[in-house]
Amino acid sequence: MSYTSRLTKAIIDLDALVKNYQYISKLASNSDTIAVIKADAYGHDASKVAQALSSEVNLLAVAFMDEALALRADGINTKVLVLEGPFKESDIELALENNFALMLHSNYQIDWLKSTSPEFSGELWLKLDTGMNRLGFQVEQVDKIMAQLSTQQIKNLVLCSHFATADQIDCNRPVEQLEKLKALVEKYGCKFSMANSAGILNWPESHGHYNRLGLALYGASPIGDSRKSRPLIPAMTLQANIIAIHTVKIGESVGYGNIWQAQRDTKLATVAIGYADGYPRNAKSGTPVYINGSLAPLVGRVSMDMITIDITDLKHTAIGDTVELWGKNLNIDIVAQNSDTINYELLTRVSKRVP
Ligand SMILES: Cc1ncc(COP(=O)(O)O)c(C=O)c1O
């Protein structure tokens, strides 16, 4: 979209993002911190983020091949780890041609590797299921897989696993998962990677040769407002503008479905953002937005392109004023909690029509 008259936008602060990267890298100074930029860098524009981090990072990570190739098409030359590995046999060749590190998690991928490139000289990652039960080889399968790989492949191998509950500091599961991975790392003398954002922040013992930094890079916290997450700076500010102001009488309802009735004569602002932009439809009445230095509550149901805000208690609010939905002045976690979701989902669902 080149012409735009609507002022709804997601403002991305790339300097904040670089500072977040530097802050987290320092917390894990013996690890190589990978920038996880899958899902268009959690809605922040993967190529722009990769560009901004180009002098900081050695390795980027995306979910699948198409995302990795899109980075190359945009001139990003940094090595890329493809977290879900090859989806097709031809992905192996493409990985070699494009300097992608491939994650292997299933036997069919090992078969493809052996048939396409028995002496695959690129970097390989082996995804191990240490307890999340989502993706990866079982720990008991590793001996057999090692026997199938050549010495060259084992030399370039990183053992990788993923925490299921790294955000829960009182939980023993991360310790158990880590023990399983570390036993294999000792046995095979390979490099390893375990920690995601919550792992880096909560579990220093999980810092590996590589850590995989996603959410915290974008200034959102996977572990609430703890001492360690407080220095993070939100990189995305989602904003829109007031396009109408009107008053409803006590007892009148607002928006679709009669879900909110005015308890007093109420001054309402209609704001040009809705669920088609990625603002969550299940945001409850009362979810705050930030206008001219104050918070004001959402009232009524979120529509496709608009929301309504109770501005009765705000002074000097006018058509055209900017409304922040989340960002530097309004923690995205508050919106997530009011919408029965998580900050990850809100960030990644900001839609393409929001410039
Ligand atoms: C395999 C893997 N590693 C790392 C990450 C980054 O996690 P986070 O965003 O919690 O840092 C993800 C994200 O879902 C992932 O799937």
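The values are calculated or read from the model by the stated rules, or taken from the named source; none is laboratory data. Predicted model, so just to flag it, every value in this text is computed and none were measured. Heads up, the Cβs are rebuilt from the backbone with ideal geometry, glycines too, and the neighbour counts pull from every protein chain shown. To get the accessible areas, we keep the full protein, side chains included, count just its heavy atoms, and leave off ligands, DNA and RNA. Shrake-Rupley method; radii C 1.70, N 1.55, O 1.52, S 1.80 Å.
Just so you know, in segment 101-140 the residues that are touching a helix residue (DSSP H, G or I) at 6+ places or on another chain (Cβ under 8 Å) and under 13 Å from LEU184 (Cβ atoms) include one that is farthest from the ligand (Cβ to nearest atom), and it is VAL139.
Does ASP129 satisfy the criteria of being modelled with pLDDT of 95 or more and under 30 Å from SER221 (Cβ atoms)? The answer is yes for ASP129. The number of residues in segment 153-179 that are in a helix (DSSP H, G or I), within 16 Å of the ligand (Cβ to nearest atom) and touching a helix residue (DSSP H, G or I) at 6+ places or on another chain (Cβ under 8 Å) comes to 2. Within the set GLU56, GLU84, GLU89, GLU67, the sole residue that is within 12 Å of the ligand (Cβ to nearest atom), modelled with pLDDT of 95 or more and open to solvent by 30 Å² or more (accessible area, probe 1.4 Å) turns out to be GLU84. If you go through segment 338-353 and keep only what is surrounded by 19 or more Cβ atoms within 10 Å (Cβ to Cβ) and of a type in the set (Val, Ile, Thr), you end up with just VAL350.
Of all residue pairs spaced 6 or more apart or on separate chains, those with beta-carbon atoms under 6 Å, a first member in segment 76-91 that is closer than 23 Å to LYS48 by Cα and a second member that is in a loop (DSSP other than H, G, I, E, B) are LYS79/ASN99; LEU83/ALA63; GLU84/ALA63; GLU84/PHE64. Might you check whether a residue that is away from the ligand (no atom under 13 Å from the Cβ), modelled with pLDDT of 95 or more and either part of a strand (DSSP E or B) or over 26 Å from PRO86 (Cα atoms) (or both) occurs anywhere in segment 142-150? Checking segment 142-150: not a single residue is away from the ligand (no atom under 13 Å from the Cβ), modelled with pLDDT of 95 or more and either part of a strand (DSSP E or B) or over 26 Å from PRO86 (Cα atoms) (or both). Specify the residue that is farthest from ALA63 (Cα to Cα); the eligible residues are those in segment 204-241 that are at pLDDT below 95 and hydroxyl-bearing (Ser, Thr, Tyr). Only one residue fits best here, namely SER226.
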